[in-house]
Structure formats: structure tokens, C-alpha cells
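So the structure is just underneath, and the comments pick up after that.
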Amino acid sequence: MFIDTRKIENHTVIETTVCIIGGGVAGITLAREMDKRGIEACLLESGGFDPDDETRDLYRGDDVGLPYSFADGCRGRFLGGSSNCWGGWCRPLDPWDFEQRDWIAHSGWPFSFDELKPYYDRTHALLKLGPHNFEPAYWEKAINRSDVRRIPLVTGKLRDTVSQFSPPARFGKLYREELKNSKNVRVFLYANATNIDTDDTAQNVTRIEVATLTGKRMQVRAKLFVLATGGIENPRLLLASNKVQAAGLGNQNDLVGRFFMDHPRLQSGSIRFTRQWSRNKLYDIKYHYMNSAVSAHGTHIASQFALLPEILEQEHLMNARVWFNSVFPGEGSPGAQALFRCKQAVLKKEQAGWSLSRDLVTMMTNPVDTFAYGFTRLYQPRMLIQDVRFQIIVEPEPNPDSRVTLSPTKKDKLGMPRVQVDWRLTDKVKRTFDRTLEILANDMQQSGVAQVKLDPKIEGGEWPSTFEKEGTWHHMGTTRMHDSPKHGVVDRNCKVHGMSNLYIAGSSVFPTAGANFPTITLSALALRLSEHVAEELKKHHDPAASVQKSHEPGPENTEQQAGYEEAVALNAAPGTFAQDRGASGMTVNGLQGC
């Protein structure tokens, strides 16, 4: 059931069994799993069904390290969270990403790839992926096209890998009907968590304080609480919840907000393919992204190159992924950028401030660049492709000085401190960029696939102009997982160290990031966490909690009851409210149906 928090009575108190803070991929996954198990839960979502700038503004803050964009267009603060601006790339982490690597400080997960494998398998249904198979040979055979072929690798240092594309799954739309009809889960829209209250020991969460941008206040009391607001907002809320512990919750060892990670991205080099390889679509992002020619079994795929694990160890490198990026006429022009934004709109990607009419005018006033770019992208005539470059993302090395902190002076409209993001990358990351491209270029030249001209090395120097200052919008690591509270914020079950009933979901718990896209992994972790939460509740023989409401001051009256019915009117046609009332048996001040 959906409830508009702006329309309920002020100072409402909601009581439930599990409170999930954040309506993105992790939060909605957990809510669905609670519903399947018959566990009462409420889900707090900061926004509504669609983006609005007033809510989006709550994400804004300052970058104080490497130039870095992390707000508008990088995250979505409405139902579905960052799945609203997600490209859909999916591939599990590599097994060695979970291992402690002696050349990488702070590396290693508390468990191995095998622990997460069953949950990775379950994400295929959740994310609408294809077969449980990421083997390049399988997909090459299934696609069976002359222009979708694997490139021969001859040096024994590289491998090619496959990623699958989710449609992409926009969770707020994909699972809206299911959430609306749920008998166990109530989704509170426009509900911003502003503080996590605890007892005097700071070991037990007692309630979540909630506010709307219209001035309403609410509280949620539960047995278990799960924080799932993303890699930047998770530490923000923990640090701001400092009524009992001055440094913030879970921050006894000054780890909350540290180890902030994103995958840095770079375009580099110039590639001249031999004729037989010049139109191969398998590895080029201009062709393989959501291209029906690069698909089989109803699933779009893409291939990337990576170094073998023994080479990573031998050369003390971070993990990385490389693919190609053809350069078309008009590339980077206002007309080409407008055309690209329109394509993203077709894919339902959130783009802050996007205007179809404005982009149409831009394309009409730049007809040559717009046509040249669009025509080349559509028909791929070899003679019009101006260049091909490498595009590479690299695993960030865990760095405690790369961190999210609270602004000492700036606050948002809810009175919460805004964030400061200090993104830092180590020299090992720069060396990984250089060596990975050197090894791949050498392999391509030895195999006769292409001649490659590399850009100057970046190790020891400044980041080049082609360095993507927004990274890949993969916000990770700020509440990292470790068995010891001296090295992590949460334990292997994602429970905050030193606390009895607060868990964290999402990529903020990643101890290391690998070089793969995080959505499939954070989804697998959310599925795993849902099982643990269910087991914990079972251990304590906790009956399903009723949902109740109290208010201050004044008695119940007909006007208040009518206001609550208006608040739940988001849920379908007349008659649904009464039908839900009979099925759920849950009450709010005696008013059934919440």
C-alpha cells in the first residue's frame, strides 16, 4: 500500500516489524522479500512516483576532492532510487574480488564468491536478466553473426568477459503494482528519515524520525531497521544521528563515511582495426549497448576485456574492464548530445532538467552534426567512423582518506547537514590504467587485429582531460563490511557493529569494488540480508507487529480519519481501501487498512 506522508496527521507514530529506509533497488528488494514471508514492514521513500527538484535538492552537496559530480542525474530520489538513472549493466564480481590481495591494502570480503553465488542466481528474475551464463563462447554461438565475434587473444594475459543488460529494470515502475497490492508492506512516499533514535547505550534503535518537505513529522518504531539509502546518504544519516554518540552511529572507530569508492573512467588511445575487425559490434559501446544485433535469448549483452588474475597479482594491479568507443561525426556537439539525451529518455532514464522541446530546438539548430551523428550511429558506415578509442573503468583501491563527511555550515531544507564528498584515487589506480591498456594494445597488435597508438602515461602526472569526473556513479564502501569493528562498520550479515537491530543494505557495505557494475551484487546482498532478517525474527519468535498511530495533541475525530483515508487514496480505485482493510487486519487508531 502507498501512503502520501504529506497528507497524514502530524506526529503520527507507525509501529511495524521491519522498517526499511530507502526505496531504491536494495530497499524494494527487501520489502518484496518481507512481503513474501508475511512479515510486516514499512518502506520510507523520500520522493514520490516522479522526480521533483525540491526533493532532488536534498541530495546536493560539495565535492572537496577530485572534481566529482554526485547529485543531479547521478542518483534518483524518488521511488526506485538510482534504478531510475541506471544503464542496466549486470555482471557479478569476479571471485578474486572477494579475496584478500596482499598488494591491495584493506582488500577482502568476510566471505567468498561462493557464499553469494546462490543469490546472484536469484537476481536474474529480479533484474529481468537472461540465462545464468556469462561465458563469452556461449553468447557468441547463441548470437551467431559475422559482425559479433570474439577477438583472438594471443599473449595469455587477457580474457574477454560478458555483461548482460537489464531492460533496465526501473524498480519504482516495475514493482509498483506489487507494492500497491501488498498486505504486509506499506510504502510511505515523501517520507525523509532525518534521525535514527536509539536508547541511552546507542546499541538499540528505538525509532526513526521522519519529515516531509511540507512540514509534517512522523515516527516509525520497529523491531529491526534497515538503512538502504545509498553509498552517500547511508553515512550521512548515520553521522547526523549523533544525539547519543557525538561522532554518529556505528562510528566508534571513525569509519563511517570513509573508504568512499567509485569506478574511475577514462577514454584513451587511438585504434586502427584491420578491415575484417573494423565493424565488430561485440566490444564497442556505440554498437553493443541495447543493440538487438548483440542479443540472444531475449537478452542484450556486451563484452569487455580484463587481465587474468595471475597477471593482476604478478604486476600488483587493480582489476579493470576495457571496451571500445567509436568516434562519430558530430561527437560531443550540442546536437549529438541532445540526440543522445532523447535516446536516454526513451529508456526512461531520469535526467535532471531534461526538456524534449529544448533538445528538439538544439537538434534543429545543429542539423549537420545531429544528422551525421545519428546516421553514423544507426547505419555504421565504415568511412564515416573518425576514430576508435579505448574506454576503461578501473577498480578503486580502498582508501580511508576518500570519504563522505557532513558540511559544518550548510544544511538542507529539512535542517540536515549537507554532504561533502572527498573522492580520492591512489597512484595504483593510475598505474592500472596505463598497464592494462599497454597489455591489451600489445595483444591486439600481435594478433593482427589492429594498430594502436596509446596516449601518454598518466602515472605520476595529472588526470587527462578525458577523465570522467563523475566516475560511473557507483557510490560504494562508506559503511564497509568486515568481521572486526576496527576495520568495518557492519559485520558479514550487514548488521552495524555494536548495535542489535540496525542493518545496512546496498553498495555502501562493499569492502572492495572490483571492476564490475554494482547493481547485481547489491541486489544479491539484499536477497541474502532478507533471509538473515527473517531468521533473526524467527529466533526471537516475533509475531507480526500491528501498525498503530498516535497523535499529539487531541482526540481522534472524523476529520482526522477522513484525512487518513485521503492519504491512502494513492491505492487504486474506489473500493480498494475497504477490500484491503478486511484482508490485512492492521489498524491505525482503529482505522483499518494501513
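The values are calculated or read from the model by the stated rules, or taken from the named source; none is laboratory data. Computed from a predicted structure; not experimentally measured. All Cβ positions, even for glycine, are placed from backbone atoms using ideal geometry, and neighbour counts span all protein chains on display.
Those helices (runs of 4 or more DSSP H) of the stretch 98-188 in which at least 3 residues are within 30 Å of Phe2 (Cα to Cα), considering only elements entirely within it, cover 113-127, 171-174, 176-180.
To keep it simple, each residue is scored yes or no on (1) in a helix (DSSP H, G or I); (2) closer than 24 Å to Gly488 by Cα; (3) touching a residue at least 24 places away in the same chain (Cβ under 8 Å).
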site	(1), (2), (3)
Lys410	no, no, yes
Lys413	no, no, yes
Asp434	yes, no, yes
Gln445	yes, no, no
Val452	no, no, yes
Glu459	no, no, yes
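His263 fulfils the conditions (1) in contact with a helix residue (DSSP H, G or I) (Cβ under 7 Å, 6 or more places away or on another chain); (2) crowded, with 20+ Cβ neighbours inside 10 Å; (3) at pLDDT 95 or above except for a single criterion, (1). The residue that is nearest to Ala513 (Cα to Cα), among those in the stretch 72-122 that are in contact with a helix residue (DSSP H, G or I) (Cβ under 7 Å, 6 or more places away or on another chain) and of a type in the set (A, V, I, L, M), is Leu93. Note on the stretch 1-63: enclosed strands (runs of 3 or more DSSP E) holding 1 or more residues that are more than 26 Å from Cys85 (Cβ to Cβ) are 12-15, 18-21. Across the stretch 366-408, the qualifying residues are those that are assigned to a loop (DSSP other than H, G, I, E, B) and modelled with pLDDT of 95 or more, and the one among them that is surrounded by the fewest Cβ atoms within 10 Å (Cβ to Cβ) is Asp401. Test Leu93 against the criterion of being in the same structural domain as Arg431 (by TED's automatic domain parsing), within 25 Å of Arg528 (Cβ to Cβ) and part of a loop (DSSP other than H, G, I, E, B), and give yes or no. Against the criterion (in the same structural domain as Arg431 (by TED's automatic domain parsing), within 25 Å of Arg528 (Cβ to Cβ) and part of a loop (DSSP other than H, G, I, E, B)), Leu93 qualifies. Touching a strand residue (DSSP E or B) at 6+ places or on another chain (Cβ under 8 Å), farther than 29 Å from His263 by Cα and among the aliphatic types (A, V, I, L, M): is that true of Leu360 in this structure? Against the criterion (touching a strand residue (DSSP E or B) at 6+ places or on another chain (Cβ under 8 Å), farther than 29 Å from His263 by Cα and among the aliphatic types (A, V, I, L, M)), Leu360 does not qualify.
Of Glu535, Glu559, Glu566, all but one fail to be exposed (fewer than 14 other Cβ atoms within 10 Å of the Cβ) and either of a type in the set (Val, Ile, Thr) or modelled with pLDDT of 95 or more (or both); the exception is Glu535.
Scanning the stretch 272-292 for residues that are farther than 26 Å from Glu135 by Cα and either outside the structural domain of Gly514 (by TED's automatic domain parsing) or buried (at least 17 other Cβ atoms within 10 Å of the Cβ) (or both) turns up nothing. Screening Gln276 against (1) touching a Cys at 6+ places or on another chain (Cβ under 9 Å); (2) at pLDDT below 95 leaves a single unmet condition, (1).
All conditions in (1) in contact with an Asp or Glu (Cβ under 6 Å, 6 or more places away or on another chain); (2) crowded, with 17+ Cβ neighbours inside 10 Å hold for Lys128, with the sole exception of (1). Residues of the stretch 365-415 that are farther than 30 Å from Ala193 by Cβ and hydroxyl-bearing (Ser, Thr, Tyr): Thr365, Thr370, Tyr373, Thr376, Tyr379. Cβ-Cβ contacts under 7 Å between residues 6 or more apart (or on different chains), taken from a first residue in the stretch 49-68 that is more than 20 Å from Ile28 (Cα to Cα) to a second residue that is small (Gly, Ala, Ser) and surrounded by fewer than 17 Cβ atoms within 10 Å (Cβ to Cβ), are listed as Gly61/Ser407; Asp62/Ser407.
Looking across the stretch 293-314 at every residue that is out of contact with any Lys or Arg (no Cβ under 8 Å at 6 or more places or on another chain) and closer than 14 Å to Trp139 by Cβ, the one that is surrounded by the most Cβ atoms within 10 Å (Cβ to Cβ) is identified as Ile301.
Taking the criterion of being buried (at least 22 other Cβ atoms within 10 Å of the Cβ) and not hydrophobic (A, V, I, L, M, F, W, C), the residues of the stretch 60-85 that qualify are Arg75, Gly76, Arg77, Gly80, Gly81, Ser82, Ser83, Asn84. Just wondering, is there one or more residues in the stretch 483-494 that are assigned to a helix (DSSP H, G or I) and either assigned by TED's automatic domain parsing to the domain that holds Ala202 or on the phi < 0 side of the Ramachandran plot (or both)? Checked the stretch 483-494: no residue is assigned to a helix (DSSP H, G or I) and either assigned by TED's automatic domain parsing to the domain that holds Ala202 or on the phi < 0 side of the Ramachandran plot (or both).
Within the stretch 302-359, the residues that satisfy the criterion of being more than 27 Å from Gly76 (Cβ to Cβ) and part of a strand (DSSP E or B) are Ser303, Phe305, Ala306, Leu307, Ala320, Val322, Phe324, Ser326, Val327.
Tally up the residues in the stretch 189-210 that are outside any loop (DSSP other than H, G, I, E, B) and either farther than 26 Å from Leu238 by Cβ or small (Gly, Ala, Ser) (or both), please. Total satisfying the criteria: 1.
Taking the criterion of being more than 25 Å from the chain's Cα centre (by Cα) and not hydrophobic (A, V, I, L, M, F, W, C), the residues of the stretch 429-446 that qualify are Arg431, Asp434, Arg435, Thr436, Glu438, Asn442, Asp443, Gln445, Gln446. Inspection of the stretch 205-222 identifies no residue that is acidic (Asp, Glu), in the same structural domain as Lys413 (by TED's automatic domain parsing) and either out of contact with any strand residue (DSSP E or B) (no Cβ under 8 Å at 6 or more places or on another chain) or buried (at least 17 other Cβ atoms within 10 Å of the Cβ) (or both). Pro235 meets all of the listed conditions (1) assigned to a helix (DSSP H, G or I); (2) touching a strand residue (DSSP E or B) at 6+ places or on another chain (Cβ under 6 Å); (3) closer than 25 Å to Glu15 by Cβ but one, namely (3).
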